[in-house]
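Next up is a structure, given as structure tokens.
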Amino acid sequence: MPTIQDIATAAEKAAKTLGISKYDVYGSAVDETSVQVDKGEPKQVKASQRSSVIVRVWNDEGLLGVTTTTDVDGAGLKLALETAQEASAFGAKEHIPDFSPEATAPLAEVMVEKVPAAPVPALVETLVAAEAALLAAHPAIAAVPYNGLAQRQVDKFYLNSAGALRQDSRSYASIYLYTKTEQEGRKPRSAGAMRVQPGLNSLDVQGCLQEAQEKTISHLDYRGIESGKYLVVFSAEAFLSLLDAFSNLFNAQSILDNRSLSTVESLGTAIAVPLLSVYDDALHPDNISIETFDGEGTPTRRLPIIEAGVLTHFLHSAGTAKRLNTQPTGHASIGAKVSVGPSFYHVLAAQPSTSSLSLETAENVVYIDDVQALHAGVNALQGSFSLPFDGWLVNQGEKVSIESATVAGDFRDLLKSIVHIEAEPEITPGGVCPRIWVEALSITGEG
């Protein structure tokens, strides 16, 4: 891909030729290699280079046209600008997006580690060894049907006719291992784990292998669970999955579209117990996919969403911020329309917990490791959920796998039923979060 300065110069030259005075360009390029294996042999090896560039043009009447291209040389940019200019005649006449007022503001200075890509044989060798170790860990582990090791080099940029010029560059490698068991007279059981780091050399393959192994073995001795109300402990991944499923609570675009559990007046109200604080922090040091600006060029930042149980901020684009008379927060993605979404969650206790709750001493506690079928089991506009899960019934530190069960409730009630937030955080690809204890959640099972 040409340098950001080359792209900016080519865009400016093409815009002058076409008589375009207002435009912006957002683009990204991804160079990816991934491998999968099956019983010691490469099953799939893929390499791809893909780019996407979004060009927006405002005409003399202020209407907006949008087009996409994969070609960022002079001719490609000129064609994209011309197409967007033509499309602007048919642009929406209400709530027209504009440049972010912060598109030229200083960006945060962060240390981003970009690691050179490892050779494909090294990826295959690493994954084959991990699969073999899992298969040898227990006689019941019959296969690792879902596995993958990938590395990506990602570059992105934003520029506009008002002088904004930004770029980011990063790399990361990821591995996932998901097992399947076979035992005579027993149902197949599965478990998995995932790790992400800037490069293959720093990737915790052994930790991923160990977690997948321990979870799989722990699920072999399973039992049914009686339906009822239980004290439930959510893992970081499980809680963040639920939080993300109901992110319309703090998404300004959803609120303005009347597709949210909140309203404009919800700011400043208590929506959770005073113990809970939630931030969105694209700059968090544990965020491997760290980003310093969003699709509109707005700098990202650490944004308090819930502080001590009180809803304090919405996620904004430049457009939603203007309509609600506030500032953009760095959460915009541009395309045919501008959308708003979270980056990287940070959940923590607003104050040290005084609770003595612990999985080592608690009795009859349901520990939910992973919730499933979020696409079908969540009604984001009503707040309700009913989801199958992987987990254990825990009695004084002894865990027994739950055969088959669902957890159900209302997310707003869940936020107000949190009784304990552990001190030790867990790092996941989607955020940082400790285990969260919630009282009186409905569990429906067999037995």
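Sum up the charges of everything whose Cβ sits under 9 Å from the Cβ of Gln396, counting Lys and Arg as +1 and Asp and Glu as -1, but leave Gln396 out. Please list the in-between numbers first.
On the way: positive: none; negative: Glu360, Glu363, Glu398.
Taking every other residue near Gln396 into account, the sum is -3.
Tabulate in residue order the Karplus-calculated ³J(HN,Hα) for the stretch 379-391, using 6.51 cos²θ - 1.76 cosθ + 1.60 with θ = phi - 60°, rounded to whole Hz; enter x for Gly and Pro.
Coupling constants for the stretch 379-391: 10, 5, 8, 9, x, 8, 8, 8, 10, x, 8, 9, x Hz.
Would you work out which of Leu381, Ser356, Ile271 lies farthest towards the positive end of the dipole of the chain? Charges go on Cβ: Lys and Arg +1, Asp and Glu -1.
Positive-most Cα among the choices belongs to Leu381.
Across the stretch 48-61, in residue order, what do the Karplus-derived ³J(HN,Hα) couplings come to in whole Hz, using 6.51 cos²θ - 1.76 cosθ + 1.60 with θ = phi - 60° and x for Gly and Pro?
8, 10, 9, 9, 9, 10, 10, 10, 10, 10, 9, 8, 5, 8
Right, something else. Place a +1 charge on the Cβ of each Lys and Arg in the stretch 23-92 and a -1 charge on the Cβ of each Asp and Glu, then give the dipole magnitude about the Cα centre in debye, rounded to the nearest 20. Can you show the working numbers first?
Values: 6 positive and 11 negative charges, 75 e Å.
Roughly 360 debye, rounded to the nearest 20.
Check cross-link reach from Lys78 to the aspartates and glutamates: straight Cα distance under 12 Å, and skip same-chain residues fewer than eight apart.
Glu12
In nm, to one decimal, how far is the Ser218 label point from the Leu18 one, both placed 7 Å along Cα→Cβ?
Placing both labels 7 Å beyond Cα along the Cβ direction yields 5.6 nm.
Positive end of the dipole of the stretch 1-63, charges at C-beta (+1 Lys, Arg; -1 Asp, Glu), about the Cα centre: which of Val37, Ile54, Ala10 has its Cα farthest in that direction?
About the Cα centre, the residue reaching furthest to the positive side is Val37.
Once you have the alpha carbon radius of gyration of the stretch 246-343, what is it after dividing by 2.2 N^0.38 Å, with N set to its residue count?
Values: Rg = 13.0 Å, N = 98, 2.2 N^0.38 = 12.6 Å.
Rounded to two decimals, the normalised Rg is 1.04.
Binning at 5 Å from 0, report for the stretch 13-169 what percent of all alpha-carbon pair distances ends up in each bin.
Reading upward from the zero bin: 2, 8, 13, 13, 12, 10, 9, 8, 7, 7, 5, 4, 1, 0, 0.
Among the DSSP beta bridges whose two residues both lie in the stretch 344-445, what percent are antiparallel, rounded to the nearest 5? Don't skip to the answer; put the middle values down first.
Working: 28 of 30 bridges.
That works out to approximately 95 percent antiparallel.
Non-local amide H neighbours of Glu307 (under 5 Å, H modeled in plane, Pro and chain starts lacking H): which ones?
Under 5 Å from the amide H of Glu307 lie the amide H atoms of Val278, Thr312, each far enough along the sequence or on another chain.
Could you put Asp286, Asp369 in order, starting from the residue whose Cβ has the fewest other Cβ atoms within 10 Å? Walk me through the intermediate numbers first.
Details: Asp286 15, Asp369 19.
In increasing order of surrounding Cβ atoms, one gets Asp286, Asp369.
May I ask you to evaluate 6.51 cos²θ - 1.76 cosθ + 1.60, the Karplus curve with θ = phi - 60°, for each residue of the stretch 186-194 and list the ³J(HN,Hα) values in order in whole Hz, giving x for glycine and proline?
Per residue, the Karplus-derived 3J(HN,Hα) values read 10, 6, x, 10, 9, 6, x, 8, 9 Hz.
Values in this text are rule-based calculations from the coordinates and carry no lab data. Being a predicted model, the structure only gives us computed values, none of them experimental. Here Cβ is always computed from backbone atoms with ideal geometry, including for glycine, and neighbour counts include all displayed protein chains.
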